[in-house]
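Here is the structure we will look at, set down as C-alpha cells.
Please treat every number below as a calculation from the coordinates, not as lab data. Since this is a predicted model, take the numbers as computed values, not measurements. No Cβ is skipped: glycine too gets one built from the backbone with ideal geometry, and neighbour counts run over all protein chains shown.
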Amino acid sequence: MTLERGGPGLSPEADRGSRLTIGHAEGMPLAFANIYTDLAEVLRARKEGRTADPLATHFPTAVDGLRSIAAIRAAVDSAKDGGKWVDARPPSLR
C-alpha cells in the first residue's frame, strides 16, 4: 500500500503534516515548516493561557537534538576505531 497526501488510512497527524505529494522536491523544507508551525502554535497557546492543539505537540525537543549529535559523534568515534562499538548516549544521559 502506498500512503500519499490525502489518501485513505492516514492518521490525523500524517494528514495534518502532508502538504505535497510523495517525492516532491519541496518536501524537506516543508517538513521544517511543519515543525515551525507546530512550535508557534504551542508558544502561542502558552502565551494565551490555553491548551495547544494536541497534534502540534510532536516536534523534536532539545534532548532529541542532543541525542542526534551524540549518535553522530559515536559514529565518527567508532569509524576512527575500526568500527568498534561505542556508547552513543549523550554523557549527560548515561
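Taking 0.36 nm per residue of separation and subtracting the Cα-Cα distance, full extension of the segment from residue 62 to residue 11 would add 15.8 nm. Estimated from helices alone, the mean residue ellipticity of the chain at 222 nm is -16500 deg cm²/dmol (sum of -39500 (n - 2.57) over DSSP H runs with n ≥ 4, per residue). A cut-off under 12 angstrom between Cβ atoms defines the neighbours of residue 89, and their net charge, with Lys, Arg +1 and Asp, Glu -1, is +2. What do you get for the angle between helix 62-80 and the principal long axis of the chain? Use alpha-carbon atoms, 0 to 90 degrees, nearest ten. So the helix axis and the longest Cα principal axis differ by about 30 degrees. For the chain, the longest principal axis of the C-alpha atoms and the axis of helix 27-48 are separated by about 70°. Of the options (1) 1.11; (2) 1.05; (3) 1.14, only one is Rg/Rh (Cα atoms, Kirkwood Rh) as computed from these coordinates, and that is (1).
Placing +1 on each Lys and Arg Cβ and -1 on each Asp and Glu Cβ, with no other charges, gives the chain a dipole about its Cα centre of roughly 320 debye. Relative contact order, whole percent, for the chain stands at 17, derived from Cα pairs under 8 Å and 6 or more residues apart.
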